[in-house]
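See below for the structure under consideration.
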Amino acid sequence: MQLIANTRMYGVGERCRRLWNELVTHISDDSGVSLDILDHAAPAPMADLWNRPDMGLVQMCGWPFWRAKPQPGLVAAPVPDHPCCGDRPLYWTDMVVRRDEAAATLEELFGRRIGWTTEHSHSGYNAPRRMLLPHFLKSGKPLFSESLGPYMSPMGIVDALLDDEIDVGPVDGYFHLLLERHRPELAAKLRTIAVTEPAPIPPFVASAGIRKDELEKLRRAAVRVHLKPAARTILDDLAIRRFVLPETGFYEATERWNREATARGYERPA
């Protein structure tokens, strides 16, 4: 079976997408596993991609990964070059507003409009809900006048902010880091007003049914790719120190955050 690769989740602009494709090529060449780079551009649903039987190297949000039955095979997860991560495969969510927003704190935005990406997203739904949970429990009622979504992706949240559809929204922190690096003119229109606690970063996954030897070859190539000088330059541009293979249970934290919120009646960021 011919396997596919996809890096749509973090393809922040044309140059960034090209860098990801070059990195995929390095991993494919070193592993000896042929990978076809599949575009699967928006608005095609990410769930359609994650349900394919031919994934070889595909970025997948950690919460859907943990919930998937059968669970895809973990290939590797990136360690972002950011102090928030503590040299671990973690990421965070930035709660973002327009640059000219007068509010200085997230609490000052209560009573206004919040956006979210999709109900299966950790960074765009689960993580902001966890951040807001203590405030919801204290108030005993929704915190915002409107909870709007789905905006499908971090870029959807950015567009909604700049179009004045919402007043605050969650942007995957690693996506935001790449936006600042590769599309600084757009990032300059935004401001981070709060940051969630770190969580397991979206990994590269393969479909559960691919050959075990192919999975192992892809894993070995991914965790060694930072040792190649040509790939090292690409990783630096993508703000990645290296790839590691986390334990599968590492991603259970995403579901635990969901259980804690829903058990207290806080179904969505609102």
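Report the net charge of residues surrounding S34, where surrounding means a beta-carbon distance below 13 angstrom and charges are Lys +1, Arg +1, Asp -1, Glu -1.
Cβ neighbours under 13 Å give a net charge of -3.
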Pairing the Cα long axis of helix 212-224 with the longest principal axis of the chain, what angle in degrees results, from 0 to 90 and rounded to the nearest 10? 70 degrees
Spin-label point model (7 Å from Cα, Cβ direction): what's the R241 to E165 distance in nm? 3.7 nm
Based on the alpha carbon coordinates of the range 45-140, what radius of gyration and maximum Cα-Cα distance (Dmax) apply, in Å? 16.7, 48
Full-extension gain in nm, I37 to E197, via 0.36 nm per residue minus C-alpha separation: 54.3 nm
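Rounded, prolate or oblate for the range 197-244? Axes are the square roots of the Cα gyration tensor eigenvalues, ordered a ≥ b ≥ c, and the cut-off for rounded is a/c under 1.5.
Cα axes put the range 197-244 in the oblate bin.
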The chain: angle of helix 252-262 to the longest principal axis, Cα-based, in degrees nearest 10: 20 degrees
Any idea what log10 I(q)/I(0) is at q = 0.35 Å⁻¹ for the range 69-108, Debye with uniform C-alpha scatterers and no solvent? -1.14
Let me make sure I get this right: for the range 116-265, a, b and c are the square roots of the gyration tensor eigenvalues over alpha carbons, sorted descending. Under 1.5 in a/c it's rounded, otherwise prolate if a/b > b/c, else oblate. Which is it? oblate
Tell me, what is the percent relative contact order of the range 49-155, built from C-alpha pairs under 8 Å that lie six or more residues apart? 24 percent
Relative contact order for the chain: what percent, with Cα pairs under 8 Å and sequence separation of 6 or more? 32 percent
Projected label distance in nm at S145 and T248, using a 7 Å step from Cα toward the beta-carbon: 4.8 nm
Set the Förster radius R0 to 35 Å, insert the Cβ-Cβ distance between D29 and N51 as r into 1/(1 + (r/R0)^6), and round the FRET efficiency to 0.05. 0.80
What do you get for the angle between helix 127-139 and the principal long axis of the chain? Use alpha-carbon atoms, 0 to 90 degrees, nearest ten. 20 degrees
Plugging the Kirkwood radius over Cα pairs into Stokes-Einstein for the range 1-108, at a temperature of 25 °C and a viscosity of 0.890 mPa s, what D comes out in µm²/s? 151 µm²/s
Among (i) 125; (ii) 183; (iii) 116, find the value of volume of the Cα convex hull per residue in Å³ that was calculated from the structure presented, and write down its label. (iii)
Under a point spin-label approximation (7 Å from Cα along Cα-to-Cβ), what is the D87-T233 distance to one decimal in nm? 2.7 nm
Assertion target for L106, L218, ordered by fewest C-beta neighbours within 10 angstrom first, is L106, L218
For the range 115-159, shape from the Cα gyration tensor axes a ≥ b ≥ c, cut at a/c of 1.5 then a/b versus b/c, turns out prolate
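With contacts defined as alpha carbon pairs under 8 Å and 6 or more residues apart, what's the relative contact order of the range 175-270 in percent?
Relative contact order of the range 175-270: 23 percent.
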Once amide hydrogens are built 1.01 Å from N within the peptide plane, the residues lying 5 or more places from T93 or on another chain with amide H under 5 Å from its amide H are G173, T196
For the range 206-270, radius of gyration divided by Kirkwood radius, i.e. Rg to Rh on alpha-carbons: 1.18
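FYI, it's all coordinate maths here, none of it is from the lab. Since the model is a prediction, treat every value here as computed from it, not as a measurement. Backbone-built Cβ (ideal geometry, glycine too); neighbour counts: all protein chains shown.
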